[in-house]
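Every read-out reported here was derived from the displayed coordinates using simple, explicitly stated rules and does not represent laboratory data. The structure presented is a predicted model; accordingly, all values stated were derived computationally and were not measured. Every residue, glycine among them, receives a Cβ derived from its backbone with ideal geometry; neighbour counts consider all protein chains shown.
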Amino acid sequence: MEMESPCVPPGFRFRPTEEELVGYYLRRKITSLKIDLDVIIDIDLYKIEPWDIQASCKLGYDEQNEWYFFSHKDKKYPTGTRTNRATAAGFWKATGRDKAVLSKNRMIGMRKTLVFYKGRAPNGRKTDWIIHEYRLQTSEHAPPQASSFIKMHIYTFFYHFYFTFTL
C-alpha cells in the first residue's frame, strides 16, 4: 500500500493546531471543499496496521513520528452504532474521556484517544501506537452537507497518529 508522499519543499513542517485540524481540514473534507495544500491523504484505518501507516502518510523528507490522515468510520454492524476498530493484527481501544476542541470558546469538535492492542480482546497486548480521532461537532447550524453526512452514517475522521517510545 505504498503511496507517493505529497510534494512539499525541504524543511516543510506540518504542525496544525487542533482548532485548525477540525475547523479547517476536517470541515473542508466533510463539506467537499478544496484544501489549499494537499498534505493529508485518505486511508482505510481498519485495513492497515499501525506500523504500515507511516509509509503511506510520510510527508516531505525529514524523519517523522507523527502522521495525519482521513479515514471513514467502520460500523461493527450495518444497522448499529458501534464502531469496528479491528485490524488483521489487533484493535484500537479508546482510552479516557473525549476532549472538546474549541475555537473562540465555542466547541467545534471532539478528540478521542485510541491505543493499539496486538491480538484480540480481551487478551490483546498494549502497544505504543496512539491515534487521536477528531470528529466535527454537528448542530442545527452546521452546513447542510455536514448534517446529511452525519444522518447517512458516513463519517470521515481526521487522525493524528504517533508512536511513543517507552523505556
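For region 24-110, the set of trypsin sites (Lys or Arg not before Pro) satisfying both a DSSP loop assignment and a count of at most 11 other C-beta atoms within 10 Å is given as LYS34, LYS76, ARG82, LYS104.
Note on VAL8 and LYS93: the model spin-label points, each 7 Å out from Cα along the C-beta direction, lie 3.3 nm apart. For GLN137, the residues whose modelled amide H falls within less than 5 Å of its own, excluding neighbours fewer than 5 places apart on the same chain, are GLY109, MET110.
Kirkwood hydrodynamic radius computed over region 6-96 comes to 15.1 Å, based on all pairs of distinct alpha carbons.
Residues with beta-carbon under 12 Å from that of HIS132, excluding HIS132: net charge, scoring Lys, Arg +1 and Asp, Glu -1? Before the final figure, lay out each step's value.
Numbers: positive: LYS99, ARG111, LYS112, ARG135; negative: GLU18, GLU66, ASP98, GLU133.
Computed value for this residue: 0.
Packing around the peptides 108-120, 8-20, taken as the average count of other Cβ atoms within 10 Å per residue, puts them in this order, highest first: 108-120, 8-20.
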